Amino acid sequence: PKYQLIYTLGSQISVDGGLMRLMVHAAIYQSLARNTRKLIKKFGSEVIEIGVFSDLDEGYKYPGFRLLDDGSVRANKAYRHICDLILTDIISGKSSSIVIKLTTDEREVFAACAKGSNDPQVLEKVNPKQAPPVQGALPYPMQVLALTLRGVLSHEVLRLCLAKRWRVNYG
């Protein structure tokens with residue numbers, strides 16, 4: 001059949017960190033907007049495309065930002081740098097949508113997890129299996145946030161979104 005109607009069974013349940021996922025995306029785009037000039041200065045127009053430079057001057061919240069991803073070493077460096085800037089902004093509290101209060105040990109674990117570390121000690125602190133958690137283990141809300149950032153940054157979901165050309169043609 002061309003169209004199929006799907007009926008759900010059971011009650012609706014929320015996804016872990018449902019609303020927080022929206023706040024993560026807002027924090028990412030705030031960081032991109034904050035760092036756009038630095039990125040264009042460092043990597044140039046061969047790697048980063050800005051929709052209209054006047055967008056930054058006229059106070060638009062999110063400028064048109066595109067990573068010209070051709071798989072080159074320079075594009076890879078630019079993406080890694082973008083991820084580092086975003087993570088630094090979120091951890092340092094520059095994001096207005098996410099507030100993080102962590103100890104120094106927890107910050108290190110948070111950053112390592114979000115950057116995609118597969119170190120068993122880091123992963124144990126993110127998702128502790130022991131009843132009393134190990135020293136430096138992240139509180140549950142920070143676990144969800146770190147894993148959400150890991151998915152968006154380390155698994156290159158953001159890279160895919162930034163590399164797309166989003167056009168709307170009317171008419």
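The values are calculated or read from the model by the stated rules, or taken from the named source; none is laboratory data. Note that the structure is a prediction, hence the values are computed from the model and not measured. Reconstructed Cβ throughout: ideal geometry from the backbone, glycine too, with neighbour counts over all protein chains shown.
Every residue in segment 1-32 that is over 30 Å from residue 91 (Cα atoms) and either modelled with pLDDT of 90 or more or not small (Gly, Ala, Ser) (or both), please.
1, 2, 3, 4, 5, 6, 7, 8, 9, 12
In segment 153-162, what residues are in contact with a Lys or Arg (Cβ under 9 Å, 6 or more places away or on another chain) and either over 20 Å from residue 108 (Cβ atoms) or of a type in the set (A, V, I, L, M, F, W, C) (or both)?
Within segment 153-162, 153, 162 qualify.
Return yes when residue 137 is under 18 Å from the mean Cα position of the chain (by Cα) and at negative phi and no when it is not. Explain how you work it out, then say what you get.
Numbers: under 18 Å from the mean Cα position of the chain (by Cα): no; at negative phi: yes.
Considered against the rule, which asks whether it is under 18 Å from the mean Cα position of the chain (by Cα) and at negative phi, residue 137 comes out as no.
Residues are listed down the side, and each one gets a yes or a no for (1) modelled with pLDDT of 85 or more; (2) buried (at least 17 other Cβ atoms within 10 Å of the Cβ); (3) in a helix (DSSP H, G or I):
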| residue | (1), (2), (3) |
| --- | --- |
| 113 | yes, yes, yes |
| 122 | no, yes, yes |
| 130 | no, no, no |
| 133 | no, no, no |
| 146 | yes, yes, yes |
| 160 | yes, no, yes |
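Condition check: more than 20 Å from the chain's Cα centre (by Cα), surrounded by 13 or more Cβ atoms within 10 Å (Cβ to Cβ), in a helix (DSSP H, G or I) and at pLDDT 85 or above. Does residue 77 satisfy that?
Here the answer is no, as residue 77 does not meet what is asked.
Search segment 21-37 for residues that are more than 19 Å from residue 78 (Cα to Cα) and pair each with any residue that is at pLDDT 90 or above and surrounded by fewer than 19 Cβ atoms within 10 Å (Cβ to Cβ) when their beta-carbon atoms are under 8 Å apart and the residues are at least 6 apart or on different chains.
Matching pairs, first to second residue: 21/148; 24/148.
Residues that are in contact (Cβ under 8 Å) with a residue 40 or more places away in the chain, of a type outside the set (D, E, K, R) and farther than 26 Å from residue 46 by Cβ: does segment 109-130 have at least one?
Yes: segment 109-130 contains one or more residues that are in contact (Cβ under 8 Å) with a residue 40 or more places away in the chain, of a type outside the set (D, E, K, R) and farther than 26 Å from residue 46 by Cβ.
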